[in-house]
Amino acid sequence: MRQGLEELRRKAIQDIQTAKDSEALNQIRVKVLGKKGSLTTILRGMGALAPEERPVIGELANRIREELESALEEQSRVIA
């Protein structure tokens, strides 16, 4: 799961940095952070993890979410 989260982060950051307009950024936001987004889907699988792994993966997922939200905001300012 950790590897999946890291790969998701890498790909999303790359997509965000290459987005050319606010519509593209919004599509990335929905695709990654939305109710049916990639990050949400991964987080739903946390129930299958061992109890001692959940806090570690949860913390990583929250950190990635914050990083992606920050990157989206920054790119939005660059585009505007």
| Output for the range 1-30, where each listed residue is outside any helix (DSSP H, G or I) and either out of contact with any Gly (no Cβ under 9 Å at 6 or more places or on another chain) or loosely packed, with under 14 Cβ neighbours inside 10 Å (or both) | 19, 20, 21
| request: Please list, ordered by first then second residue, the pairs with beta carbon atoms under 6 Å, 6 or more apart or interchain, first in the range 1-28 and in contact (Cβ under 8 Å) with a residue 24 or more places away in the chain, second outside any helix (DSSP H, G or I). | output: 25/19
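Restricted to the range 36-53, and to residues that are assigned to a helix (DSSP H, G or I) and in contact with a helix residue (DSSP H, G or I) (Cβ under 8 Å, 6 or more places away or on another chain), which residue is farthest from residue 3 (Cα to Cα)?
That would be 40.
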| If you take the residues of the range 54-78 that are touching a residue at least 40 places away in the same chain (Cβ under 8 Å) and farther than 13 Å from residue 5 by Cα, which of them is most open to solvent (accessible area, probe 1.4 Å)? | 76
| Any chance residue 33 is of a type in the set (A, V, I, L, M), open to solvent by less than 90 Å² (accessible area, probe 1.4 Å) and in contact with a Ser or Thr (Cβ under 8 Å, 6 or more places away or on another chain) | yes
| message | Among the residues in the range 46-53, are any open to solvent by less than 90 Å² (accessible area, probe 1.4 Å) and within 13 Å of the chain's Cα centre (by Cα)? | response | no
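The values are calculated or read from the model by the stated rules, or taken from the named source; none is laboratory data. Since this is a predicted model, take the numbers as computed values, not measurements. Reconstructed Cβ throughout: ideal geometry from the backbone, glycine too, with neighbour counts over all protein chains shown. When the accessible area is computed, the model is the full protein with side chains, heavy atoms only, and any ligands, DNA or RNA have been set aside. Shrake-Rupley method; radii C 1.70, N 1.55, O 1.52, S 1.80 Å.
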